[in-house]
1. Pairs only if they're at least six apart or on different chains, beta carbon under 7 angstrom, first in the range 33-45 and farther than 21 Å from residue 81 by Cβ and touching a residue at least 40 places away in the same chain (Cβ under 8 Å), second open to solvent by 10 Å² or more (accessible area, probe 1.4 Å) and among the polar types (S, T, N, Q); list them, first residue then second.
2. If you go through the range 46-78, how many residues are of a type in the set (A, V, I, L, M), under 23 Å from residue 124 (Cβ atoms), part of a loop (DSSP other than H, G, I, E, B) and out of contact with any Lys or Arg (no Cβ under 9 Å at 6 or more places or on another chain)?
3. Condition first: acidic (Asp, Glu) and in a helix (DSSP H, G or I). Now tell me which residues in the range 130-152 satisfy that.
4. Restricting attention to the range 117-130, report how many residues are among the charged types (D, E, K, R) and crowded, with 17+ Cβ neighbours inside 10 Å.
5. Please find, among 112, 139, 133, the residue that is in contact (Cβ under 8 Å) with a residue 12 or more places away in the chain, open to solvent by 40 Å² or more (accessible area, probe 1.4 Å), farther than 17 Å from residue 26 by Cα and not charged (D, E, K, R).
6. Given the conditions (1) surrounded by fewer than 15 Cβ atoms within 10 Å (Cβ to Cβ); (2) within 15 Å of the chain's Cα centre (by Cα); (3) not in a strand (DSSP E or B), report the number of the one that residue 94 does not fulfil.
7. Whether any residue in the range 42-50 is crowded, with 21+ Cβ neighbours inside 10 Å, under 20 Å from residue 130 (Cβ atoms) and modelled with pLDDT of 90 or more is what I want to check.
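The values are calculated or read from the model by the stated rules, or taken from the named source; none is laboratory data. Computed from a prediction, not measured in an experiment: that's the story for all the values here. Backbone-built Cβ (ideal geometry, glycine too); neighbour counts: all protein chains shown. Heads up: the accessible areas ignore ligands, DNA and RNA and are worked out on the full protein's heavy atoms, side chains in. Shrake-Rupley method; radii C 1.70, N 1.55, O 1.52, S 1.80 Å.
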Amino acid sequence: MPMTMAPVIPTGRGSAPYENWRPPITGVSLLVPVGADALVVASLLGVVMMPSGPVDEGQTPEQAARNVLRAAPDGLPSLRRVALAWTQTRRRKVFTHVLATAPIPRDAVGHLNYRDPRAHLRVLPTMRVINDLPVNGRLRVVVGLQALATGETTVIEGGVIRSSAPPGLVQG
């Protein structure tokens, strides 16, 4: 009688390489200083987060930022890109442009409208915001504030701060 071999059944899960077979997700987060020691945050069901939103196809991050926070007729104070955070997920890249406004007075916050009507805009001390945010948000705020002070744009790649960005990565 001939002997047959049983098929080999893998015991562990193999790891597939990361592939970008899905289009990237691009978003924008706003860093809105209030005076010298506070920030505007969105609060949704007790969770504190930076005001954020999507960047639609054909839209610049600056245009998307103006959709995240709608302001009084004057609009948002000048926006400046302070950081670009990106990470590779299993099937796509996720880009977050962090834009900062010029400092605004506390009474101007009342004229801002957040894109999500369920969330409330609050003004909190900077240190409290840093403590309340999750790790990725905390890193974006700290790096954004530092970049705002130095005048440079910082790149955060997969949670690691890079001194320079690949050409074309920080453009529009």
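1. Qualifying pairs under 7 Å: 37/126; 38/126.
2. 2
3. Here is the first cut: in the range 130-152, the residues acidic (Asp, Glu) are 132, 152.
132 - this is the single residue of the range 130-152 that is acidic (Asp, Glu) and in a helix (DSSP H, G or I).
4. Let us first name the residues in the range 117-130 that are among the charged types (D, E, K, R), namely 118, 122, 128.
Checking the rest, the ones that are also crowded, with 17+ Cβ neighbours inside 10 Å come to none.
Number of matching residues: 0.
5. On the way: 112 fails: open to solvent by 40 Å² or more (accessible area, probe 1.4 Å); 133 fails: open to solvent by 40 Å² or more (accessible area, probe 1.4 Å).
After ruling out the rest, the residue left standing is 139.
6. (3)
7. Just the residues of the range 42-50 that are crowded, with 21+ Cβ neighbours inside 10 Å, to begin with: 42, 50.
If we keep only those that are under 20 Å from residue 130 (Cβ atoms) as well, we get 42, 50.
Filter once more, so that each one left must be modelled with pLDDT of 90 or more: 42, 50.
Among the residues of the range 42-50, at least one is crowded, with 21+ Cβ neighbours inside 10 Å, under 20 Å from residue 130 (Cβ atoms) and modelled with pLDDT of 90 or more, which makes the answer yes.
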